[in-house]
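Student: Have a look at this one.
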Amino acid sequence: MSADSVLAAPTDRGGPAQPLLRVSHLKKRFALRGGGVLEAKKYLRAVDDVGFEIAKAETLGMVGESGCGKSTTARLIARLIEPDAGELVFDGDAVGRFGGMALKEFRRNLQMVFQDSAASLNPRLALLDAVAYGPRVHGLSASAARHRAAALLDRVGLAPAQFGARYPHELSGGQRQRVSIARALAFEPRLVILDEAVAALDKSVQAQVLNLLQELKVERGLTYLFISHDLQVVRYLADRVLVMYLGRVVEIGTVARLYSAARHPYTRALLSAVPSMDPSRRTERSPLAGDPPNPIDPPSGCRFRDRCAHAAEVCARIEPALFETVPGHLAACHLDDPASGHPEARVPLASIAMPDGVGA
Amino acid sequence: MPDAAGGGYWQGVARALRRDPASLASGVVVLLIFALAAFAPWLAPADPYKASMLRRLLPIGSAGFPLGTDELGRDMVSRLMYGGRLSLVMGVLPVLLAFVIGTSVGLFAGYVGGRWNMAIMRVLDVFYAFPSVLLAVAVSGALGPGMSNSLIALTLVFVPQIVRVAESVTTQVRRLDYIDAARMSGAGTLSIVRVHVLGNVLGPVFVYATGLVSVCMILASGLSFLGLGVKPPEPEWGLMLNTLRSAIYVNPWVAALPGAMIFATSIAFNLLADGVRSAMDIRR
Amino acid sequence: MLGYLLRRLLYALPIALGVTLVSFTLVYIAPGDPLNAIAPADAPADVIESLKVTYGLDRPMPVRYGLWLARALQGDLGASIASGRSVAAEVMGAVGNTLRLASVAAAVGVTLGCVLGALAGYFARGWIDRFASALSVVGVSVPHYWLGLVLTIVFSIRLDWLPAMGAGPSGSGEWAWDEEHLRHLVLPAATLAVIPMGIITRTVRALVADTLSQEFVVALRARGLGSLAIFRHVARNVAPTVLAVGGLQVGYLMGGSILVETVFAWPGTGFLLNTAIFQRDIPLLQGTLLVLCLFFVALNLVVDVAQPWLDPRMARA
């Protein structure tokens with residue numbers, strides 16, 4: 001086996017129409033330290049029946065508040081945590097299933113960049129070694145791996161002659177994230193999950209790293225799953241956006257439509273909370289009412305109902321499913337389903353003006 | 001395979017040690033004591049076993065016997081030098097053994113987690129419930145007097161402590177993102193532990209273990225003092241304190257000499273360990 | 001809070017059980033027949049047999065353990081092979097002596113340690129800090145049995161101020177807090193006190209220096225609070241840890257006093273243990289170990305339970 005064939009660029013199957021990743025019915029719950037014999041076991045349903053698709057060469061943004069299950073979903077996809085239920089289909093192959101794709105092969109196609117740049121790198125490995133570790137594991141010789149690592153470091157803007165022998169603590173946060181990106185690219189993956197990858201960086205550094213990510217995406221035909229709580233950044237980078245709330249998907253749609261005409265009340269509230277430079281757009285009231293939810297004991301029916309201005313009786317009874325309002329745009333709210341029995345439910349129109357005028 | 005940490009780190013540690021006067025002085029003292037003990041057969045002025053009832057308990061400064069003689073007339077200088085060999089071995093070896101065993105168990109428990117972790121830590125908690133001195137005496141007493149039995153007893157005392165530190169550090173390291181990144185690269189458990197976990201665990205555990213050496217020395221000599229460790233006529237500082245006890249009424253300073261050696265070695269080790277700890281800390 | 005208490009108790013029980021198991025089986029790990037300690041080697045066969053039955057050595061180990069534990073829970077720890085007296089009585093008598101010694105030593109050591117540590121932390125990097133640090137290093141590094149010998153040499157032999165051995169004037173059985181007995185207590189307590197002093201000095205110094213450097217102290221000073229008020233604030237932050245460590249020290253001293261008790265022939269549990277080991281007095285050995293260790297476990301429990309009450313940060317745990 002020649003060195004290069006071990007880590008040859010993975011091939012496309014199924015063509016551009018086939019989604020690169022399809023996630024269906026993903027579930028994960030964590031047992032809490034209950035009283036044991038005395039109390040009933042309590043569970044935290046971190047990810048509760050999540051499903052979506054990512055198309056090839058697109059960037060899917062995933063947004064939501066802290067604790068909504070974004071990071072857990074990412075780790076479930078990466079198989080760092082074992083899901084309780086659910087299926088992953090990568091470019092037509094079921095992952096981990098008999099006859100489908102083996103886990104090790106899947107790991108080559110999917111890589112992740114983490115939020116905490118300091119914790120992402122082994123403090124005792126020199127940068128070149130850190131990037132070369134993965135290829136070595138997959139069978140590349142030491143020199144070939146170092147060669148590849150050097151080329152990658154160079155590509156992310158860190159000259160290998162200068163940075164190769166340095167250690168993580170000698171670098172700034174932004175530089176460390178570049179190293180993490182280089183390490184992720186060492187496998188020539190097809191899908192890269194960026195879990196709050198720029199959240200901890202200063203704005204100016206963020207911009208540099210985001211631009212790097214855009215360049216790399218075009219260069220190497222990558223697909224991104226970009227997780228963030230920062231709506232501005234997601235708007236800049238993503239093609240489509242997925243909104244999560246308390247472990248469920250509440251809305252998916254293209255960036256244009258979501259940011260101008262979001263359907264779900266939660267999404268609208270998030271968007272209106274984004275500060276604006278325009279003094280004529282003021283928010284008088286807080287868009288979100290009520291207390292942040294308790295993920296252990298979510299409300300019955302629609303989970304958002306106790307913070308929703310439009311909550312009705314049906315919202316407490318039935319949990320809304322994802323409903324396609326306009327082709328390609330889904331939302332989980334009774335308001336959009338005329339058959340739901342919600343008094344304010346309307347026939348969905350192409351666009352509806354936002355209450356606070358949050359525009360493009 | 002990529003190595004863990006380059007040579008630059010250790011050179012930095014050595015440099016920091018050289019600059020600190022306390023560490024330097026104690027390092028020299030430790031080396032001196034080790035040298036005297038190691039080269040005792042060549043350096044000692046007299047035979048440590050040669051007894052003479054005529055020359056019992058000569059005071060310090062006697063002709064031919066600069067530090068006097070013990071209760072059987074043996075030269076104290078030679079006894080102390082030879083005694084250092086056993087005392088030092090009994091002080092260092094159990095910690096070394098406990099370090100190897102303890103780190104392995106701790107790494108396993110910390111990385112694997114779950115039920116194995118709980119089981120191991122609960123069992124260790126039972127041993128932790130015994131104060132160290134008591135455990136050492138009890139195990140040593142149960143096994144019987146003798147050097148190897150004491151070594152076993154002492155190792156047993158220190159293993160739980162080292163496991164606790166190793167497990168704690170391993171658990172913390174395990175949670176960090178670079179371990180996840182390593183898992184995502186498809187590496188096997190053994191490779192991950194060897195390359196990513198081990199290097200980051202050994203440091204803190206080593207620092208902890210160096211602090212244990214002086215405790216072990218005192219404990220080991222204490223066991224001999226009680227009659228549970230080294231047996232006569234072997235020279236060992238704790239044993240010498242025991243046999244010279246009745247001499248405190250006749251020649252108190254000679255009787256106190258072996259303890260002074262233990263004290264000096266212990267302090268020097270402690271100061272050195274403190275220095276090493278600080279030197280390694282800066283780098284972190 | 002009650003839940004925490006219950007959980008802590010539940011957690012301590014298997015440990016206590018484990019301790020009893022180890023205490024019981026430890027004596028049997030040595031190679032050789034335990035019977036050798038009890039009976040002379042050339043005893044006739046029927047004597048050996050009857051001894052076996054008396055000491056229950058004819059039954060399998062788990063049965064012996066169960067019986068021993070059952071009896072122990074009722075307060076019966078068997079009879080000492082050497083003296084024939086009830087083990088429980090001997091141990092309890094010795095425990096009293098050791099407890100007196102350990103608590104006085106702990107009190108002295110902890111107090112001295114607090115004072116030295118507080119001064120060192122307050123005047124950090126000054127001469128008193130260096131002095132206290134040196135003293136604490138000495139306290140931790142000195143072999144305390146040797147220190148006992150040296151103190152005996154100085155105060156008993158050379159100066160003849162204090163007695164060298166024993167807990168009281170010879171012939172006296174009971175303890176009394178009178179001058180004679182107290183004079184016997186001074187040297188062993190002083191020797192033993194060095195250990196907690198070393199540890200507490202170091203701990204308190206670090207805590208005080210750390211607390212004083214925290215921002216809330218600057219805020220207090222800015223509000224014009226005097227030194228005494230600041231001292232009270234610092235004390236409240238430091239107290240929980242000191243009490244925890246100090247409490248544990250008492251337990252450690254109780255278990256680890258064997259060496260000092262041997263030097264001073266103090267009739268405590270350590271001394272008893274020593275005797276039991278050399279006479280291979282199995283019931284005495286098991287009984288002493290059991291009482292000492294269970295005491296340590298109980299002390300740990302008390303300290304753990306007292307923690308959230310003293311330190312509100314832990315109350316939520």
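The values are calculated or read from the model by the stated rules, or taken from the named source; none is laboratory data. As the structure is a prediction and not an experimental result, all values here were calculated from the model. Positions of Cβ are generated from backbone atoms using ideal geometry, with glycine treated the same way; all protein chains shown enter the neighbour counts.
Student: Which ranges mark the helices (runs of 4 or more DSSP H) fully within segment A:167-238 that have 2 or more residues being touching a Leu at 6+ places or on another chain (Cβ under 9 Å) and within 14 Å of A:Leu121 (Cβ to Cβ)?
Tutor: Ranges flagged: A:173-185.
Student: Counting only residues that are of a type in the set (A, V, I, L, M), closer than 30 Å to B:Ala44 by Cα and under 21 Å from the mean Cα position of the chain (by Cα), give me the helices (runs of 4 or more DSSP H) lying completely in segment B:55-149 with at least 2 of them.
Tutor: B:76-112
Student: Name the pairs whose Cβ atoms lie under 7 Å apart, with the first residue in segment C:77-95 and under 15 Å from C:Thr269 (Cα atoms), the second among the small types (Gly, Ala, Ser) and assigned to a loop (DSSP other than H, G, I, E, B), and 6 or more positions between them or separate chains?
Tutor: Filtered contacts from segment C:77-95: C:Val87/C:Gly78; C:Val87/C:Ser80; C:Ala88/C:Gly75; C:Glu90/C:Ser80; C:Ala94/C:Gly268.
Student: Which is surrounded by 15 or more Cβ atoms within 10 Å (Cβ to Cβ), out of contact with any Gly (no Cβ under 9 Å at 6 or more places or on another chain) and modelled with pLDDT under 80, of C:Ala118, C:Ala105, C:Ala164?
Tutor: Going through C:Ala118, C:Ala105, C:Ala164 in turn, just one is surrounded by 15 or more Cβ atoms within 10 Å (Cβ to Cβ), out of contact with any Gly (no Cβ under 9 Å at 6 or more places or on another chain) and modelled with pLDDT under 80: C:Ala164.
Student: Another one. So, in segment C:179-218, how many residues would count as being touching a residue at least 40 places away in the same chain (Cβ under 8 Å) and basic (Lys, Arg)?
Tutor: Final tally of qualifying residues: 2.
Student: Would you tally the residues in segment B:33-54 being within 29 Å of B:Ser214 (Cα to Cα) and outside any loop (DSSP other than H, G, I, E, B)?
Tutor: So the count comes out to 10.
Student: Sticking with this structure for a sec: Quick one: what pairs do we get from segment C:133-162, first residue within 7 Å of chain B (Cβ to nearest Cβ), second not basic (Lys, Arg) and not in a helix (DSSP H, G or I), C-beta under 8 Å, 6+ apart or different chains?
Tutor: C:Thr152/C:Ala164; C:Ile157/C:Ala164
Student: Could you please let me know if A:Arg155 is within 12 Å of another protein chain (Cβ to nearest Cβ) and at pLDDT 90 or above?
Tutor: No, not satisfied.
Student: Which residues, taken from segment B:12-39, are closer than 26 Å to B:Asp75 by Cα and in contact with a Leu (Cβ under 9 Å, 6 or more places away or on another chain)?
Tutor: Once the filter is applied, which keeps residues that are closer than 26 Å to B:Asp75 by Cα and in contact with a Leu (Cβ under 9 Å, 6 or more places away or on another chain), segment B:12-39 yields B:Val29, B:Val30, B:Ile33, B:Phe34, B:Ala35, B:Leu36, B:Ala37, B:Ala38.
Student: So which of B:Phe127, B:Phe99, B:Phe108 is within 14 Å of chain C (Cβ to nearest Cβ), surrounded by 17 or more Cβ atoms within 10 Å (Cβ to Cβ) and in contact with a helix residue (DSSP H, G or I) (Cβ under 8 Å, 6 or more places away or on another chain)?
Tutor: Only one candidate passes the filter, namely B:Phe127.
Student: So, one more: C:Arg202 versus (1) closer than 30 Å to B:Val254 by Cα; (2) of a type outside the set (Asp, Glu); (3) part of a helix (DSSP H, G or I); (4) within 12 Å of another protein chain (Cβ to nearest Cβ): which is the lone unmet condition?
Tutor: (1)
Student: Among what's in segment B:232-284 and is more than 11 Å from chain C (Cβ to nearest Cβ) and of a type in the set (Gly, Ala, Ser), pick the residue that is nearest to the chain's Cα centre (by Cα).
Tutor: Among residues in segment B:232-284 that are more than 11 Å from chain C (Cβ to nearest Cβ) and of a type in the set (Gly, Ala, Ser), the one nearest to the chain's Cα centre (by Cα) is B:Gly275.
Student: When residues of segment B:148-192 are filtered for being closer than 17 Å to B:Phe108 by Cα, hydrophobic (A, V, I, L, M, F, W, C), more than 14 Å from chain A (Cβ to nearest Cβ) and out of contact with any Gly (no Cβ under 6 Å at 6 or more places or on another chain), how many remain?
Tutor: 1
Student: Restricting to segment C:238-256, give me the number of residues that are modelled with pLDDT under 80 and more than 14 Å from every other protein chain (Cβ to nearest Cβ).
Tutor: The number of residues fulfilling the criteria is 0.
Student: Ok, one more. Between a first residue in segment A:69-91 that is touching a residue at least 60 places away in the same chain (Cβ under 8 Å) and surrounded by fewer than 21 Cβ atoms within 10 Å (Cβ to Cβ) and a second residue that is polar (S, T, N, Q) and in a strand (DSSP E or B), which pairs have beta carbons less than 7 Å apart while being 6 or more apart in sequence or on different chains?
Tutor: Close Cβ pairs satisfying both conditions: A:Gly86/A:Ser24; A:Glu87/A:Ser24.
Student: Next question, about the same structure. Which one of these is in contact (Cβ under 8 Å) with a residue 24 or more places away in the chain, under 14 Å from B:Ala98 (Cα atoms), surrounded by 20 or more Cβ atoms within 10 Å (Cβ to Cβ) and within 12 Å of another protein chain (Cβ to nearest Cβ): B:Val213, B:Val205, B:Val195?
Tutor: B:Val213
Residues are listed down the side, and each one gets a yes or a no for (1) surrounded by fewer than 18 Cβ atoms within 10 Å (Cβ to Cβ); (2) basic (Lys, Arg); (3) in contact (Cβ under 8 Å) with a residue 60 or more places away in the chain:
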{"position": "B:Gly114", "(1), (2), (3)": "yes, no, no"}
{"position": "B:Pro145", "(1), (2), (3)": "no, no, yes"}
{"position": "B:Phe158", "(1), (2), (3)": "no, no, yes"}
{"position": "B:Ala181", "(1), (2), (3)": "no, no, no"}
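Student: Yes or no: A:His264 more than 19 Å from A:Ala149 (Cα to Cα) and crowded, with 24+ Cβ neighbours inside 10 Å?
Tutor: yes
Student: Answer yes or no as to whether C:Pro34 is closer than 24 Å to C:Gly270 by Cα and modelled with pLDDT under 80.
Tutor: Spelling it out, C:Pro34 is indeed closer than 24 Å to C:Gly270 by Cα and modelled with pLDDT under 80.
Student: Out of (1) within 11 Å of chain B (Cβ to nearest Cβ); (2) in a helix (DSSP H, G or I); (3) modelled with pLDDT of 90 or more, what's the single condition that is false for A:Gln111?
Tutor: Failed condition: (2).
Student: OK, next. Check segment C:71-92 and report whether any residue there is modelled with pLDDT of 75 or more and of a type in the set (Val, Ile, Thr).
Tutor: Yes, that holds for at least one residue.
Student: While we're looking at this one, here's another question. Scan C:Phe155, C:Phe131 and give me the residue that is surrounded by 15 or more Cβ atoms within 10 Å (Cβ to Cβ) and more than 20 Å from the chain's Cα centre (by Cα).
Tutor: Just a single option satisfies the conditions, and that option is C:Phe155.
To keep it simple, each residue is scored yes or no on (1) outside any helix (DSSP H, G or I); (2) touching a residue at least 40 places away in the same chain (Cβ under 8 Å).
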site: C:Leu225; (1), (2): yes, no
site: C:Leu228; (1), (2): no, no
site: C:Asn237; (1), (2): no, no
site: C:Gln249; (1), (2): no, yes
site: C:Leu253; (1), (2): no, yes
site: C:Pro267; (1), (2): yes, yes
